[in-house]
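Taking it in order: structure first as C-alpha cells, then the write-up.
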Amino acid sequence: MYFKTHDKAIFPHPLFSDEEGAVAFAESINKEDVLTGYAFGLFPWYNNYPIFWWNTNPRCVLFPDQLKISKSMRPYFNQNKFSVSYNTAFLKVINACKNIKRPGQAGSWLNEDLIQIFTKLHKQNIVQSVEVWQDEKLVGGLYGIKLGKIFFGESMFSLKPNASKFGFISLVKKLQKEGIVLIDCQQETEHLKSLGARTIDKVTFWGYIKRNLLEILKEEPELQN
C-alpha cells in the first residue's frame, strides 16, 4: 500500500516488493514523492493510473570503476566524433527520451506529470542531463537523479549509432570524479551489460541505499522537513 500524510509520501519498506518488483501504488505523484521514492531506491513506472512504484529484483547497477569501454568505442573518443555537454538542454533530452521509438514498446512511460516534476528537480540540480552533439545537432543523451553518492539513471536516447554510449561513458567518468559510488540502471539490458553493468539482489542494493541516505541528509538537509 501507499499512504500520504500532510502531502508527504510514506512508502512500504523497499524489501517488501513482490516477485515482480512492485512496492506500492498511488493515484497521484508529486516532487516530494519522487524525492522520497528515489532516496529509498524506488522508481515510478506506469502507463496509466494508478501509479506503480518499483524495486526490481535483481537490480541492474554499474560501479563506476567497472565501466567497460569497448575497442569499437575508443575511436569515437580519440577522434572526437561527438561532443558532450551537461545540463544545457534538459528539456530537449527528456522529450527525446519520451518520443524515441523503442523495440517492443507501444508508447512511453514518460508523461507530462513526470516531465514537469523532473524539470522542477532539474532546476534544483537534482535531476541532471547529458547531451551528445554532432555538428551542433543533438544526437543523443540521457538524464537521471543524483542523490548523495548514487546516480539513478532514468532514460537515454540515441539518433546516431553509439551516441548514447558516448554520453553514458562520459557521464560515468565525470560521476566517478565526483565521488559517486553506484549508478542505478534499474533493469538489465544487453546495452548496459556491454558497458559493465551487472545485477545485484535487492538486499545488497538496499545496503547501498541505506548508507546513501546519510549522504543525502548531509547534502540536502531540507529533505528532513
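Here, each number is a calculation from the coordinates, and none is a lab measurement. Just so it is clear, the model here is predicted, and its values are computed rather than measured. All Cβ positions, glycine included, derive from the backbone under ideal geometry; neighbour counts span all protein chains shown.
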Listed by chain and number, the residues whose amide H is under 5 Å from that of residue 139, excluding neighbours fewer than 5 places away on the same chain and using placed H, are 132, 133, 134
Most exposed to least, judged by fewest other Cβ atoms within 10 Å, 13, 191 sort to 13, 191
In whole Å and largest first, what semi-axes does the C-alpha gyration tensor of the range 120-164 yield when each eigenvalue is scaled by 5 and square-rooted?
-> 23, 11, 7
Can you quote the Å³ per residue value for the convex hull of the Cα atoms in the range 61-200, rounded to an integer?
-> 113
Length added when fully stretched, residue 49-residue 159, from 0.36 nm per residue minus Cα-Cα = 36.6 nm
So what's the range 15-86 giving for Cα Rg divided by 2.2 N^0.38 Å, two decimals?
-> 1.62
Rg (one decimal) and Dmax (whole number) from the Cα set of the range 128-225, in Å, equal 14.8, 46
Relative contact order computed over the chain (Cα-Cα under 8 Å; 6+ residues apart), in percent = 24
Residue order, fewest to most beta carbons within 10 Å, for 158, 83 | 83, 158
